[in-house]
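Since the structure comes first, as structure tokens, the remarks are kept for the end.
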Amino acid sequence: MGALPSFAADDPFWTAPRAAALLQAIRAAGDHGLEPDWYNPELVEKAGAAGNETVLNDAFVLYASDLSTGRVNANRVDKDIDIQQRKVSRDELLKAAAAAPDFAAYLAALAPKGDYPALQKALADLRKQRASAAYTPLPGGDLLKPGMIDARVPVLRKRLGELGLTVPELPAGAVAELYDDALATVVKTYQETKGLTVDGVIGVNTTRSLNTSLDDRIQQVIANLERRRWLPEDLGSRYVLVNAGDYSMVFVDGGQKVFESLVIVGTPKDPTPEIQSTMYGFQTNPYWTVPQSIAGEEYLPLLRRDPTALARGGFKIFSSWSDNDSELDPGSVDWNGIHAKAFPYRIRQEPGASNALGYIFFGFANKYGIYMHDTANRWLFTEGSRNFSHGCIRLQNPLDFAEKVFKGRPGFDKARVQQVIAAGQQAHYGFPESVPLHVTYRTVGIGSDGAAVFRDDVYGRDRRVVAAMAKPRS
């Protein structure tokens, strides 16, 4: 097992050109965000000269596997990743290499397609910039708003210029410390490109983003190259792709993007996980059963202060988590005697305008208990950084999405569904065809002009991916 098939007894696979092609590919592994030293190029060079097939086989399989399916086991990197990662066996790689008429071309074709080459270019460009890039961090402080005078303004001007933005010159006689409207316009442009709230205000999030170094951006690209290697080369002709990294969702049908939407995702404390699942339909006017962790951490303090607080928000409390439990009078419970980590009661919010799930609920199987749904707080979609949920995905226009899924087929009439919602009725609508769902966390994308578009790593997940990649294999 594991030996490369030979074409003939006197014609071994590892000819000098093939060994040289492998060595060249390994030495260029950095182009993919991989480290050449992980594959021991010095040993490979010696093995090529000596015809040591065992060493060459091992180095090839290690490199080819990392390049085609990812260096790390994605689900071990972070507790909030649970995906079906691409897999390839040692024998599959060896047999494919033996069958390849051009081994060097075969090696080059192992990497993903799509936007992967553009990410590689972004990595190369950033590395070139690193040698001469200036970095002047912006000090923290109180909110800096347009019209204010602050000692940070000259530093802000300098930092924006370092990041490649065109900063207008100060008018003659102007106060250098004045945060004027012209500079605020540049800040708003920056905020828009990073998915921040576009208000020109320099707060914690904008300061953190401005202070992201070139090395940090390089690490982000490396993490996103690795994340791309985890996923199937082709997601199919029909799927939903949610990117928690840039608060977006697209629905592809027939290979074409037919719907896209803004989404709200989880906070850094309760991040939206990376998962793969299947969507089968939706429900109107859903109940919301409050997760036990939220009940203990967030609602128990409210109940201790005022046992009727939740009732005013349309919540009911039940004696246990069983289906036939009875409703409790919240005033009859000694809430000070309840432990937050062992909250024993089930809290359920009734359907209605204030329901946390809104009027539409899309369920799908996953171990995190998250789902996609409408929201009662629609104004949050105006924010740039839309990480406000407990991990669920809030969709901006859920009925428009459902309409695209049904695409005129029987079983769905938007006006009729709106009537059902207005009447407070609960109804289930099954999709005519199930829809594969992919929830990812891509913090580096490629714009229409081919340039890299960065979002901030609000979950810190990119850093964990890069750290896991650097660990020696056990």
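The values are calculated or read from the model by the stated rules, or taken from the named source; none is laboratory data. What you see is a predicted model; the values in this text were computed from it and never measured. In this analysis, Cβ positions are derived from the backbone assuming ideal geometry, glycine residues included, and neighbour counts consider all displayed protein chains. These accessible areas exclude ligands, DNA and RNA; they are computed on the full protein's heavy atoms, side chains included. Shrake-Rupley method; radii C 1.70, N 1.55, O 1.52, S 1.80 Å.
Compute the FRET efficiency between Tyr280 and Arg463 as 1/(1 + (r/R0)^6), taking r as their Cβ-Cβ distance and R0 = 35 Å, and round to the nearest 0.05. My answer for the efficiency is 0.50. If you take the charge dipole of the range 367-420 about its Cα centre, with +1 on Lys and Arg Cβ and -1 on Asp and Glu Cβ, which of Asn377, Gln396, Phe412 is farthest toward its positive end? Towards the positive end, the residue furthest out is Phe412. Solvent exposure of the range 337-411, expressed per residue, is 43 Å² of accessible area, with all protein chains present and a 1.4 angstrom probe. Given their separation in residues at 0.36 nm each and the Cα-Cα distance between them, Ala365 and Ser448 gain 26.5 nm when the chain is fully extended. For the pair Leu165 and Ala118, label points projected 7 Å from Cα toward Cβ lie 2.3 nm apart. With each label modelled as a point 7 angstrom along the Cα→C-beta vector, the Ser237-Thr267 pair spans 4.4 nm. With R₀ fixed at 30 Å, the C-beta to C-beta distance from Ser322 to Thr382 puts the FRET efficiency at about 0.15.
Counting 0.36 nm for each residue step from Arg127 to Asn75 and taking away their Cα separation leaves a gain of 15.8 nm. Holding the Cα-Cα limit at 28 Å, pick out from Lys113/Lys471; Lys121/Lys145; Lys87/Lys471; Lys158/Lys471; Lys194/Lys414 the pairs that are longer than that. Flagged as over cut-off: Lys121/Lys145; Lys158/Lys471; Lys194/Lys414.
Each Lys and Arg contributes +1 and each Asp and Glu -1, all at the Cβ; summed about the Cα centre of the chain, the dipole is approximately 200 debye. When each of the peptides 163-175, 37-49 is scored by how many other beta carbons lie within 10 Å of its residues on average, the order from highest to lowest is 37-49, 163-175.
Accessible area per residue for the range 1-115 is 51 Å², calculated with a 1.4 Å probe on protein heavy atoms, without ligands, DNA or RNA.
Cβ under 14 Å from Gln349's Cβ, Gln349 left aside: what net charge do those residues give with Lys, Arg +1 and Asp, Glu -1? That works out to 0. For the range 1-125, the share of accessible area belonging to carbon and sulfur comes to 54 percent (1.4 Å probe, ligands and nucleic acids excluded). With a Förster radius of 30 Å, plug the Cβ-Cβ distance of Tyr135 and Asp181 into 1/(1 + (r/R0)^6) and report the FRET value to the nearest 0.05. In this case the efficiency is close to 0.65. Each peptide in 250-258, 312-320 gets a packing score, the mean of other Cβ atoms within 10 Å over its residues, and the list from highest to lowest is 312-320, 250-258.
Summing -39500 (n - 2.57) over the DSSP H runs of n ≥ 4 in the chain and dividing by its residue number, what mean residue ellipticity at 222 nm do you reach, to the nearest 500 deg cm²/dmol? Only helices count here, giving -9500 deg cm²/dmol. Taken along the Cα-to-beta-carbon direction at a fixed 7 Å, the label points for Ser89 and Asp329 span 6.7 nm.
Were the residues from Thr54 through Asp306 laid out at 0.36 nm apart, the gain over their Cα-Cα distance would be 83.6 nm. Rounded to two decimals, the Cα-based Rg/Rh of the chain, with Kirkwood Rh, is 1.04.
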